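The values are calculated or read from the model by the stated rules, or taken from the named source; none is laboratory data. If you're wondering where the values come from, they're calculated on a predicted model, not measured in any experiment. Quick reminder, even Gly has a Cβ in these numbers, built from the backbone with ideal geometry, and neighbours come from all protein chains shown.
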Amino acid sequence: MESQAFQKVYTKLTNITKATVTLKADGVGYDEIATVAGKLAQVVKIAGEDITLQIFEGTEGIPTNAEVSFLGRPPQLTVGDELAGRFFNAFGDPIDGGPAIQGEVRDIGSPSVNPVRRKQPSNLIATGIAGIDLNNTLVSGQKIPFFADPDQPYNQVMALVALRAKADKIILGGMGLTNDDYLYFKNVFDNAGALDRIISFVNTTENPPVERLLVPDMALTAAEYFAVDKNESVLVLLTDMTLFADALSIVSNRMDQIPSKDSMPGSLYSDLARIYEKAVQFPEGGSITIIAVTTLSGGDITHAIPDNTGYITEGQLFLRRDTDIGKVIIDPFRSLSRLKQLVIGKQTREDHPQVMNTAIRLYADAANARTKLENGFDLTDYDERTLKFAKEYSDQILAIDVNVDTDTMLDITWELFGRHFKKAEVAIRENLVEKYWKN
Amino acid sequence: MEKENKTTGKVVGIVANLVMVEVDGPVAQNEICFISLGDEELMSEVIKVVGKIAYVQVFESTRGLKPGSKVEFRGHMLEVTLGPGILSRNYDGLQNDLDKMEGVFLKRGEYTDPLNREKKWEFKPIVKVGDEVQAGDWLGEVNENDQPHKIMVPFKMKGTYKIKEIVGEGEYTVDHKIAVVANGDGTETELTMVQKWPVKVAIRDFKEKPRPFKLLETGVRCMDTLNPITEGGTGFIPGPFGTGKTVLQHAISKQAEADIVIIAACGERANEVVEIFTEFPELEDPRTGKKLIERTIIIANTSNMPVAAREASVYTAMTIGEYYRAMGLKVLLMADSTSRWAQALREMSNRLEELPGPDAFPMDLSAVISNFYSRAGFVYLNNGKTGSITFIGTVSPAGGNLKEPVTESTRKAARCFYGLSQARADSKRYPAIDPIDSYSKYLEYPEVQENLTKNVGEFWLKDVNKTKDVLLRGKEVMEQINILGDDGVPIGFHETFWKAELIDFVILQQDAFDKIDASTPMKRQQYMLSKVLGVVDSSFSFNHFEDVSAFFKEVINEFKQMNYSEFESEKFKKHEKTLEELLKKQAN
Ligand SMILES: Nc1ncnc2c1ncn2[C@@H]1O[C@H](COP(=O)(O)OP(=O)(O)OP(=O)(O)O)[C@@H](O)[C@H]1O
Ligand SMILES: [Mg+2]
């Protein structure tokens, strides 16, 4: 680790817990980092002379006479164009065998953008996936997570979206990533010839969990460099934010804070919001878009982590396996992109909003019909038709392997309407029906 | 609380934004102090005192703060600056003018003036020399975005005063002396157009606060028609994430019949604030033809801004509301989301190691919320004129569970409940207000009933109650059909169900993003409701239950086309005619 001239070295810890150490020291600033027996630590509490430090790697093996030196600064990242194409650990040190970055040193976790200096997001991000482009259109400057069970292919879908999104830079923040998934990302980006636009900050399952807490801030500090200094469009991928939140709860628990719901710290909302709110569209053209993954346990979205996330992000994308067609789909009921109304019907065809809503309504009718069927009731003719519609809609629109442009998605949907329904059942604005109805 | 010698102190402890300060003199609860950090000054508020240690919450990040840092106490609580020029401003939670801040990122310790000190205002005196006045009385008036902005005797001035001097009509800056008043023993005070007031204290300079009695039109049908809110009323909108709280609040703030709209973005998304200041300068207030932004004030403490300032933001908004109410104006105040404010309280309470209440919220949460809601209301000012603050807050219940402490506490304080239902949102039945669980206590007020009968229609209340009954019956029948099957119930059941669906689709559901459908004036609401009830009251003949849904879908379609058309336009009438024919064909 780095060392500074004339810095004072302390060698007397008064207290050691699983994640923290306490010692007497003076002239120490809040949030400042230090090294304790060579391990990186950060000041989390100052009570008079007593300084409590959180040790990112954990305190295993730290003796009471460990050497402690304070670095007089918060955690930092060296930024520059050379970041592109490189792989780093949670501390921002290269892990790809390449040289250290030369450039400007910046504090991570910097202040927020003044809201009046933001621009309203308005650039549509096309992914070709109809479950996204048609029903949950993404916009640059948006923040949105995938809500997925651990066994679903969320990292694959995320990599797909990232590559199709046409961003200038893609920044991967991996938290508790398995080594296999890490290599997967590396491969996919490499095969797509995109490695020179990718920057990765990775904490794998082999690294200590508390280190993860630094990953989003590292990734976003790099993102701000490219979006603000270089006016680039930057896509930040954060996976898996559930593991990030778990690390937060480990720390707060070891610091004896009163937990709120699901043993999460009471500040979970603010802690997550601080990260997600870095998504922004700048007037000069640069933008930061955040696509994250929040894994669920047993699909439970009322758990504090997905719940708080949902209140912060601009929608969420649900993956679900549709057994009818044997494919993974973007679930139209619980998925939502809050920013879609800024672009649909404006940058896409005029019929987009109504077609989207109507199709989902009819898909909901099919779900009701299915319930009837399961309860052993006869189906009406309308029920039968909704079921047929739903299956085709799922296969041709919702499945994640669909890759067409938005006009085609709309045309396909009109075709399904015409095949299964009467105009009155569809109940779309008259002028649109006249223009687009297909028999 | 003004003191001669300022108390000072030094930092002795830091945990996140809670700082312990050893003080050398008296300090007051909620007193403001500034902590020096290099050349930055961090604004903070005293929240607890134990012996010589003051616990202060810092409205900024404490990164890099060291023990021993100097602290200076200011001798007053958190205050807002009140005067002409507040309208159309974008403030942070502490009333700093965000537009005056330099750079893309917020700088720690940068505080900006809420008012424009150079601008000259066209002042017209209201009082004359010799008049007796007291706090809140109108001295004169300036034109602020076409609102009669009253310059008042500062609320802090207790007792009666005599006007010694008052300037004549003319153009003055806000700091210009506009009057001199003298109290009983002849002590004179110079007054300008500016005054200050501590945000946590209610402004009470009015004669009387009666029960609200007048409908506040919002253009949102399932509010105005089913569960109306009143001028000076209170309401809250709880709902799981993504069910439409913010869209509903934005719709209300665009359409409601208010003179002044204050939007407090409390711990929510910055992009939602951006939406307001991108769209409101373009949108017109249909009543005045002026741009919406001209009547709007934004208080933005977005979720990434300092947590302690979040709590302050709702109080800042309320105090500015009270200031405009004292001018005899109709103020509409919206806070999104009050749960974030409660969470800010929880974070501090936990850091203070207070004994926690349910879900680790502070024990006095309920009292804090009630106290805040009680500042809204309709008032008769001392000069007999009226003013109001209508307050609508959103609540973001953890896990969507309405039994959590913030929702329960708010339920005790607010008179209207607009509960958003996940199921309705999932099936895109927007606005997702649950028609059965939601209520407006105002509908039970005789004075409100009288007002509605007089202004909307003689049979209005009867119609509203009938609408609610049909909806309830529809729900009951649907449960029956689900149990017994479509053909296990009489055809009449299907008819009842579809009559409720008709009300749902035509009256309750409303597209907030459609130019015409978004806002429905009361007259149109009344027309449409009586038309829909006309169908509900008719009896039809059907051979088979499938014919029922087919018929009602066609009826709904025509009604929806009417909703999408300009009221009483050619197109509207065309669909109305088709509808009549449809009904005639199926009539018994
Ligand atoms: N009246 C409406 N008409 C059409 N769409 C709507 C309506 N209300 C809500 N929506 C849709 O629902 C989405 C979510 O709404 P909104 O942002 O208001 O939710 P919210 O309850 O405020 O969520 P959160 O608690 O996370 O802030 C909107 O982006 C929009 O797509
Ligand atoms: Mg919202």
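From the list B:G321, B:G393, the one residue that fits, being surrounded by 20 or more Cβ atoms within 10 Å (Cβ to Cβ) and closer than 15 Å to B:A258 by Cβ, is B:G321.
Conditions (1) within 14 Å of chain A (Cβ to nearest Cβ); (2) more than 28 Å from B:D175 (Cα to Cα), marked per residue:
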site	(1), (2)
B:F34	no, no
B:G38	yes, yes
B:S44	yes, no
B:P67	yes, yes
B:K70	no, yes
B:M77	no, no
B:D97	yes, no
B:V104	yes, yes
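In the set (1) more than 34 Å from the chain's Cα centre (by Cα); (2) away from chain B (no Cβ under 12 Å), the condition left unmet by A:S394 is number (1). Inspect region B:309-331 for any residue being within 11 Å of chain A (Cβ to nearest Cβ) and over 23 Å from B:G387 (Cα atoms) and give the result as yes or no. Yes, there is a match, as at least one residue in region B:309-331 is within 11 Å of chain A (Cβ to nearest Cβ) and over 23 Å from B:G387 (Cα atoms). Scoring B:G485 on the criteria (1) on the phi < 0 side of the Ramachandran plot; (2) within 13 Å of chain A (Cβ to nearest Cβ) leaves a single failure, condition (1).
Of everything in region B:1-44, what is of a type in the set (G, A, S) and over 23 Å from A:S270 (Cα atoms)? Give them in sequence order. If the condition is that a residue be of a type in the set (G, A, S) and over 23 Å from A:S270 (Cα atoms), then B:G9, B:G25, B:A28, B:S36, B:G38 are the ones that fit.
The residue that is nearest to the chain's Cα centre (by Cα), counting only those in region B:332-342 that are within 11 Å of chain A (Cβ to nearest Cβ) and of a type in the set (G, A, S), is B:S337.
The listed residues are B:V261, B:V314, and the only one of them that is within 16 Å of ligand 2 (Cβ to nearest atom) and assigned by TED's automatic domain parsing to the domain that holds B:A251 turns out to be B:V314. Within region A:347-384, being within 14 Å of ligand 1 (Cβ to nearest atom) and either over 17 Å from A:D395 (Cβ atoms) or assigned by TED's automatic domain parsing to the domain that holds A:P150 (or both) holds for A:H352, A:P353, A:Q354, A:M356, A:N357, A:T358, A:R361. For region B:255-311, residues that are of a type in the set (K, R) and in contact with a helix residue (DSSP H, G or I) (Cβ under 7 Å, 6 or more places away or on another chain) total 1.
Scanning region B:258-268 for residues that are among the small types (G, A, S), more than 12 Å from ligand 1 (Cβ to nearest atom) and within 14 Å of another protein chain (Cβ to nearest Cβ) yields a single hit, B:A264.
Taking the criterion of being within 30 Å of B:G328 (Cα to Cα) and at the interface with chain A (Cβ under 9 Å from one of its Cβ atoms), no residue of region B:343-377 qualifies. Of all residue pairs spaced 6 or more apart or on separate chains, those with beta-carbon atoms under 6 Å, a first member in region A:322-350 that is more than 10 Å from chain B (Cβ to nearest Cβ) and a second member that is part of a loop (DSSP other than H, G, I, E, B) and away from ligand 1 (no atom under 13 Å from the Cβ) are A:V328/A:I400. Filtering region B:387-399 down to residues that are outside any strand (DSSP E or B) and more than 10 Å from ligand 1 (Cβ to nearest atom), which residue is farthest from the chain's Cα centre (by Cα)? Among them, the one singled out is B:G399. The residues listed here are A:N357, A:N403; of these, the one that is among the polar types (S, T, N, Q) and in contact with a Gly (Cβ under 7 Å, 6 or more places away or on another chain) is A:N403.
Go through B:A28, B:A54 for me and flag whichever is in contact (Cβ under 8 Å) with a residue 40 or more places away in the chain and surrounded by 19 or more Cβ atoms within 10 Å (Cβ to Cβ). It would help to see each step written out before you state the result.
Values: B:A28 fails: surrounded by 19 or more Cβ atoms within 10 Å (Cβ to Cβ).
So the residue among B:A28, B:A54 that is in contact (Cβ under 8 Å) with a residue 40 or more places away in the chain and surrounded by 19 or more Cβ atoms within 10 Å (Cβ to Cβ) is B:A54.
Scanning region B:122-176 for residues that are acidic (D, E) and either touching a Pro at 6+ places or on another chain (Cβ under 8 Å) or outside any loop (DSSP other than H, G, I, E, B) (or both) returns B:E122, B:E132, B:E141, B:E144, B:E165, B:E169, B:E171. The residues of region B:244-257 include none that are more than 15 Å from ligand 1 (Cβ to nearest atom) and part of a helix (DSSP H, G or I). Once region A:86-121 is narrowed to residues that are of a type in the set (A, V, I, L, M), under 24 Å from A:V43 (Cβ atoms) and away from chain B (no Cβ under 14 Å), the residue that is surrounded by the fewest Cβ atoms within 10 Å (Cβ to Cβ) is A:V105. Taking region B:183-243 as the region of interest, the strands (runs of 3 or more DSSP E) fully inside it that hold 2 or more residues being within 16 Å of ligand 1 (Cβ to nearest atom) are B:234-238.
Residues in region B:431-451: is at least one within 16 Å of ligand 2 (Cβ to nearest atom), out of contact with any Cys (no Cβ under 8 Å at 6 or more places or on another chain), modelled with pLDDT of 95 or more and closer than 28 Å to B:A512 by Cβ?
Step one: list which residues in region B:431-451 are within 16 Å of ligand 2 (Cβ to nearest atom), which gives B:431-433.
Among the residues that remain, those that are also out of contact with any Cys (no Cβ under 8 Å at 6 or more places or on another chain) are: B:432.
Narrowing the set further to residues that are modelled with pLDDT of 95 or more leaves B:432.
When the remaining residues are screened for being closer than 28 Å to B:A512 by Cβ, the result is B:432.
Checking region B:431-451: at least one residue is within 16 Å of ligand 2 (Cβ to nearest atom), out of contact with any Cys (no Cβ under 8 Å at 6 or more places or on another chain), modelled with pLDDT of 95 or more and closer than 28 Å to B:A512 by Cβ.
Would you check if there is a residue in region B:277-299 being within 16 Å of ligand 1 (Cβ to nearest atom), within 11 Å of another protein chain (Cβ to nearest Cβ) and surrounded by fewer than 24 Cβ atoms within 10 Å (Cβ to Cβ)? Yes, that holds for at least one residue.
Being at pLDDT 95 or above and over 21 Å from B:I433 (Cα atoms) holds for only one residue in B:K330, B:K245, and it is B:K330.
Being assigned to a helix (DSSP H, G or I) and within 12 Å of chain A (Cβ to nearest Cβ) is not true of B:I507.
Against the definition (in contact with a helix residue (DSSP H, G or I) (Cβ under 7 Å, 6 or more places away or on another chain) and within 14 Å of chain A (Cβ to nearest Cβ)), how does B:F559 come out, yes or no? Steps first, answer last, please.
Working: in contact with a helix residue (DSSP H, G or I) (Cβ under 7 Å, 6 or more places away or on another chain): yes; within 14 Å of chain A (Cβ to nearest Cβ): yes.
Taking the combined requirement at face value, the residue satisfies it.
Contact list please: Cβ distance under 6 Å, first residue in region B:244-255 and touching a residue at least 60 places away in the same chain (Cβ under 8 Å), second residue within 11 Å of ligand 1 (Cβ to nearest atom) and acidic (D, E), pairs at least six apart or on different chains. That search, which allows pairs on different chains as well, returns B:T246/B:E272; B:T246/B:D336; B:Q249/B:D336.
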